[in-house]
Structure formats: C-alpha cells, structure tokens
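Peer 1: Provided herewith is a single structure, encoded as structure tokens, for subsequent inquiry.
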Amino acid sequence: MAEVSSVAFLKNAKKVIKDLSIRELIEEAVCNGEGTFAQNGALRVVTGKHTGRSPNDKFIVDTPLTHGTVCWSNNKPCSPETFAKLYAKMSDFVKKHKVYVSDLKAGADDKYSLRVKFINELAWQQLFVKQLFIKTDEPTGENEDFTVICLPSVKADPKTDGTFSDTFIILNFDEKMVIIGGGRYAGEIKKSIFSVMNYLLPMHKILTMHCSANVGKCGDVALFFGLSGTGKTTLSADPNRELIGDDEHAWSDNGIFNIEGGCYAKCVNLTAKAEPEIYNAIKFGSVIENVYVDEKTGAPDFFNTEITENSRVAYPLEYIPNSRIPSCATHPRNIIFLTADAFGVLPPISKLTKNQAMYHFLAGYTSKVAGTECGVTEPQATFSTAFGEPFLPLPPLTYAKLLGERIARHETNVYLVNTGWSGGPYSVGRRMKLEYTRAMIMAALNDELGKGGWSKTPVFGLDIPNACPNVPCYILNPINTWFDKEAYHTYTNKLALLFADNIKKFQGVVTEDILNAGPRVD
C-alpha cells in the first residue's frame with residue numbers, strides 16, 4: 001500500500017492551491033462554474049443527487065485499533081483494503097487536477113482542539129470548511145491530527161470496492177484520515193469531523209454533544225439537543241443571548257466549548273421576521289446550498305422546495321452579531337431536548353426529572369424531517385440515542401453515562417420541548433408556532449415557567465406548566481388541541497408502545513429507575 005499521509009498525497013497533485021482568502025475562493029468557485037452569486041451576495045451552489053447525508057455510504061475502517069472500541073451495531077465497517085483502493089483512486093485523480101488546501105482546527109478550547117488539514121477538489125467546499133471550522137495561525141505542516149480529503153469526482157465501484165454505491169465517506173482512525181467521494185453535499189465533511197471528535201474526546205472523559213448552545217447576560221448557559229430539523233440553530237439564535245454555537249459542542253470539567261467556528265442552518269421557509277439572525281447572516285462569504293434562486297433576478301426563494309427541503313446556509317459564527325468568540329462558556333444551567341413529534345401528542349414543553357432526562361436522552365425520539373437524509377420525503381418517527389446516534393462511533397451508553405454524571409454534578413435543569421405537531425399527527429395537525437416555542441423556552445431559562453403550578457400528563461407522566469407568559473394556556477396540554485379526543489389517546493398509546501419497544505435494548509445495562517421513567521400504557 002502506498003504511503004497514506006497528506007504530504008504524500010499532495011506531492012501527487014497537479015497543483016496545490018493553499019490558504020486562499022474568502023474572496024479568492026469565491027472568485028475561484030465562480031470562475032470554475034461551481035456556483036453563482038445570489039442577489040444577497042452569497043455564493044449559491046447545487047449539490048446534485050445528494051442534497052442530504054447518505055448514511056448507508058458512511059464507513060469506519062475496521063482495524064485492531066477500532067475493532068474493540070467502535071459500536072458496530074451503529075456503524076458500518078469497511079476493510080483496510082477498501083480504504084486503500086479508494087485512496088489510490090484519489091491519488092491518481094489529483095495527478096491531473098488541482099486541489100485546494102487549508103489548515104484549520106475543530107474545538108474552541110485549545111486544550112482539546114483537533115488540527116485538521118482539509119483537501120478539496122471544489123473551491124466552494126474549501127470556502128465551506130473555512131467558514132465552518134476554526135481558523136488558526138499555526139499551520140499543521142506534517143503534524144496535523146487529522147486529514148480530510150473530499151474529491152466528489154472520484155467515485156467508487158461497488159462491485160470492486162466493496163461499497164454500497166459510488167458514494168463513500170470513510171473514517172480511518174489508524175491513518176487519521178477521512179476520504180469522501182461521489183457526492184457534493186458539504187454536510188458530509190462537517191459531520192465526519194464531528195464523528196472523529198465523538199470518538200476521540202470521550203476517551204478523555206469529555207462529553208461530545210449534538211446540540212446548540214447560548215449564554216444569557218448573567219452567564220447562564222443553555223444547551224439545545226436535537227436532530228436536524230428540530231430547531232437547534234433557530235432556537236439558539238436569540239438576540240437576547242450570546243450564541244456559542246449551533247450544532248456541535250463538548251463538555252469538559254472546565255465547561256462547554258464549540259467544536260466548530262461556524263453555522264450550517266436550514267433555510268426552508270426562512271424569513272427575516274421569524275429568524276432575523278440567520279436571515280441577515282446570508283451575505284457575501286456565506287454559502288447557500290440547494291436554495292432555489294430566480295435565474296433572472298438572483299433572488300433566493302426559501303419557500304420553494306423544488307430542489308430539496310434541506311436547503312442550507314453556511315456562515316462563520318461572527319456573522320451572528322451577538323456570538324461569543326472564542327466560543328467557550330461555563331457549565332450549563334439548563335438543557336433543552338428538542339423533538340419534532342410527528343404523532344402530535346407530546347406537550348410543547350415539560351420539565352423532566354433526572355431519571356426522565358436519562359430515559360429521553362437514551363431514547364432520542366424525534367421525526368426525521370424531509371430532505372435531511374436521502375429517501376426521506378416526509379417526517380418519520382425515529383429513535384436516536386443522544387439525539388445524534390448516526391455520529392456516535394462509541395457505544396451510545398458512553399455518552400449517556402457522561403451526561404448523567406454532569407447533570408447530577410451541576411444540578412442542571414432538563415426540559416423536553418416538542419417543536420413538531422399539535423392538534424393531530426402529521427398531515428392533520430399543525431406545526432407548533434415558533435413564537436410560542438420561543439416564549440416557552442424563554443420562560444424556562446428565566447425561571448418563570450411553572451409559577452402557575454404543574455400538571456402531569458397521562459401515559460408519559462410528564463410535568464407540564466399550567467401557564468406560561470405569552471402562550472395560550474390551552475396548548476400547554478396537547479389533548480386540548482385535538483378535536484378528536486379518542487384519536488389523541490390512540491396516537492398517545494401508539495407512540496408509547498414505540499418508546500417501550502425501543503428502550504428494551506437498554507434492559508440489563510441501565511438501572512430500573514431509568515427504564516421505568518418512560519411512558520406506561522394502561
């Protein structure tokens with residue numbers, strides 16, 4: 001096998017273009033025909049057949065190092081031979097093509113940061129990583145901690161390469177390298193580094209989290225857990241609180257820190273009124289991905305889902321006026337679990353006991369939203385431990401135990417918030433109004449929730465407030481929003497049974513107190 005390193009790889013390249021500025025990368029992308037300017041000055045690109053992640057094409061190389069540590073029930077293995085074949089294809093490709101290179105880092109806390117060399121075929125994807133990851137004045141040279149190579153033009157042959165399709169995302173921890181080919185969706189680059197950090201940091205007892213984070217004027221930190229489409233980015237972008245980050249964080253003994261240096265926000269139905277911080281971040285230097293744009297005027301139409309519902313914008317953290325840089329803070333006072341309940345039966349907000357918090361973290365219930373993964377065209381109920389199981393190389397209990405220890409040590413409040421449907425299931429009910437969700441979360445963070453007392457829901461046993469400032473009282477109890485009360489009970493029991501079936505996989509490995517903190521069907 002040929003030498004696997006960034007140095008060896010770049011020696012093969014026809015031309016290496018290194019450390020271009022944001023403006024230079026935009027000019028390269030436009031000149032190369034990779035993208036066009038939108039009316040608001042952002043660079044607009046279209047990613048082709050992949051407009052969301054392709055989880056079936058993601059692999060971890062199975063070696064003596066990873067064989068006993070990676071959770072293979074949650075991750076797909078591939079052989080070192082498969083990696084070697086595809087790496088060789090990439091090495092041959094760059095002999096005739098130029099590549100863009102940048103040295104960046106993941107992790108705002110220098111004590112735990114990862115130095116990464118990004119090598120990209122496309123100028124716009126190099127712009128993407130420069131906006132999403134953290135800039136550093138220290139070049140990695142030959143001592144980078146990890147290398148990511150993304151060459152969309154290089155495709156796998158499933159018959160000879162052992163892949164499922166011509167697309168591949170392969171993490172090799174022995175070689176400290178990620179290789180990506182056959183697809184242009186930039187989210188694969190972002191999430192590959194998150195997966196790397198999810199493998200490395202918990203080894204040092206640092207909890208990695210799929211969550212956004214912000215901090216109030218009094219220093220109170222809030223975390224927002226949730227899968228894509230549940231509102232992490234939207235709800236953490238609060239003009240009254242400093243934004244720490246919108247998607248990936250770690251919790252050490254010193255507090256929390258952002259893994260990234262930018263944001264990757266969903267654009268579907270984006271308006272200046274509802275989400276002004278994100279809307280105003282779309283400007284020169286931002287990358288809008290798979291957003292429909294009027295060919296004549298260049299005006300983006302965020303309500304047009306002709307390309308995908310998973311349209312995105314990438315921008316650096318500093319594009320949010322009240323962002324915190326460096327993006328580190330103290331231990332969280334409040335945690336919000338976000339779920340988009342397609343059944344429409346979970347309350348819009350409820351406060352969890354410690355055992356309930358552990359149960360719902362292990363369950364990680366939500367609905368996959370259209371477009372975030374290939375083949376998902378409407379919301380689908382799903383369970384994803386830690387609200388991010390697709391990105392967890394280690395056994396899920398590793399992350400759950402670390403969270404439980406930290407919640408107990410710092411007496412952190414935990415809330416479950418339903419940003420999904422109310423008044424009925426998907427296609428019958430309506431999506432929860434963003435203004436109500438914001439008001440409920442604000443009340444929770446300001447200790448104003450529950451001053452009118454609490455009630456307990458049947459089946460799920462959740463504590464819900466009887467009143468909340470700026471929110472109609474009737475919507476706080478989900479049964480009140482359903483016209484057909486019998487249907488409400490039917491759907492409640494149906495979802496409860498799904499929870500009960502899912503939690504069985506943790507029997508014998510977590511305490512009975514946690515297992516019994518879930519819903520009970522009469």
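The values are calculated or read from the model by the stated rules, or taken from the named source; none is laboratory data. Given the structure is predicted, the values throughout are model-derived calculations rather than measurements. Methodologically, a virtual Cβ is constructed for each residue, glycine included, from the backbone with ideal geometry; neighbour enumeration extends over all protein chains shown. What goes into the accessible areas is simple: the full protein's heavy atoms, side chains included, and nothing from ligands, DNA or RNA. Shrake-Rupley method; radii C 1.70, N 1.55, O 1.52, S 1.80 Å.
Peer 1: What is the stretch 308-361 by shape, rounded, prolate or oblate, if you read a ≥ b ≥ c off the alpha carbon gyration tensor as root eigenvalues and call it rounded for a/c under 1.5, prolate for a/b larger than b/c, and oblate otherwise?
Peer 2: Judged from the Cα gyration tensor, the stretch 308-361 comes out oblate (a/c at least 1.5, b/c at or above a/b).
Peer 1: Using only DSSP helix segments of four residues or longer, with each worth -39500 (n - 2.57), what per-residue ellipticity at 222 nm results for the chain after dividing by its residue count and rounding to 500?
Peer 2: So the calculated ellipticity at 222 nm is -7500 deg cm²/dmol.
Peer 1: Note down the nm distance, to one decimal, between modelled labels 7 Å out along Cα→Cβ at T353 and at K76.
Peer 2: 4.1 nm
Peer 1: Roughly how tilted is helix 396-410, in degrees to the nearest 10 and between 0 and 90, from the longest Cα axis of the chain?
Peer 2: 60 degrees
Peer 1: Select from G231, Y264, W251 the residue farthest towards the positive end of the dipole of the stretch 225-267; place +1 on Cβ of Lys and Arg, -1 on Cβ of Asp and Glu, and compute about the Cα centre.
Peer 2: Among G231, Y264, W251, the one farthest towards the positive end of the dipole of the stretch 225-267 is G231.
Peer 1: So between D174 and A8, what do we pick up on full extension, going 0.36 nm a residue minus the alpha carbon distance?
Peer 2: This chain segment gains 58.1 nm when fully extended.
Peer 1: For the chain, give the magnitude of the charge dipole about the Cα centre (Cβ charges: +1 Lys/Arg, -1 Asp/Glu; no others), in debye to the nearest 20.
Peer 2: So the magnitude is around 200 debye.
Peer 1: Please report the relative contact order for the chain, taking Cα pairs under 8 Å with a sequence separation of at least 6, and give it as a percent rounded to a whole number.
Peer 2: 14 percent
Peer 1: What shape does the stretch 151-296 take by its C-alpha gyration tensor, where a ≥ b ≥ c are the square roots of the eigenvalues and a/c under 1.5 counts as rounded, a/b above b/c as prolate, and the rest as oblate?
Peer 2: In terms of gyration-tensor shape, oblate.
Peer 1: Using a 7 Å offset from the Cα along the Cα-to-Cβ direction at both A500 and C31, what is the distance between the two label points in nm, to one decimal?
Peer 2: 6.6 nm
Peer 1: Moving on. Any of K117/K401; K96/K176; K18/K191; K58/K505; K76/K117; K85/K155 with alpha carbons more than 21 Å apart? Name them for me.
Peer 2: K117/K401; K96/K176; K18/K191; K58/K505; K76/K117
Peer 1: Please report the spacing between the Cα centers of the stretch 153-226 and the stretch 443-522 in Å, no decimals.
Peer 2: Here the answer is 32 Å between Cα centres.
Peer 1: Could you list which residues have their amide H under 5 Å from that of C211, counting only those 5 or more apart in sequence or on another chain, with H placed in the peptide plane?
Peer 2: E248, H249
Peer 1: With θ set to phi - 60°, apply the Karplus curve 6.51 cos²θ - 1.76 cosθ + 1.60 along the stretch 329-335 and write out the HN-Hα couplings as whole Hz, x wherever there is a Gly or Pro.
Peer 2: Calculated HN-Hα couplings, in order: 7, 7, 6, x, 8, 9, 10 Hz.
Peer 1: Any idea what angle helix 123-132 forms with the longest principal axis of the chain, computed on alpha-carbon atoms, 0 to 90 degrees, nearest 10?
Peer 2: Approximately 40 degrees, to the nearest ten.
Peer 1: Quick one: length gained pulling N322 to Q507 fully straight, 0.36 nm per residue minus the C-alpha distance?
Peer 2: Between N322 and Q507, full extension yields an extra 62.2 nm.
Peer 1: Further question: On the protein heavy atoms, probe 1.4 angstrom, tell me the percent of accessible surface of the chain carried by carbon and sulfur.
Peer 2: 50 percent
Peer 1: When DSSP assigns beta bridges and you keep just the ones with both residues in the stretch 1-132, what percent turn out antiparallel, to the nearest 5?
Peer 2: Of the beta bridges lying entirely in the stretch 1-132, close to 60 percent run antiparallel.
Peer 1: Can you list the residues, at least 5 places off or on another chain, whose amide H is less than 5 Å from the amide H of I336, using H built in the peptide plane?
Peer 2: Result for I336 returns L223, F224, F225, Y415.
Peer 1: Return one number: the angle in degrees, 0 to 90 and rounded to the nearest 10, between the long axis of the Cα atoms of helix 434-445 and the longest principal axis of the Cα atoms of the chain.
Peer 2: 80 degrees
Peer 1: Okay, next question. Between T419 and residues 5 or more places away or on another chain, which pairs have amide H atoms under 5 Å apart, with H built 1.01 Å from N, and which residues are they?
Peer 2: The list, which skips near neighbours in sequence, is T339, A340, D341.
Peer 1: Also: Restricting to the chain, what percent of DSSP beta bridges are antiparallel, rounded to 5?
Peer 2: About 60 percent, rounded to the nearest 5.
Peer 1: Could you state the number of Å between the C-alpha centres of the stretch 23-59 and the stretch 293-310?
Peer 2: So the separation of the two Cα centres works out to 14 Å.
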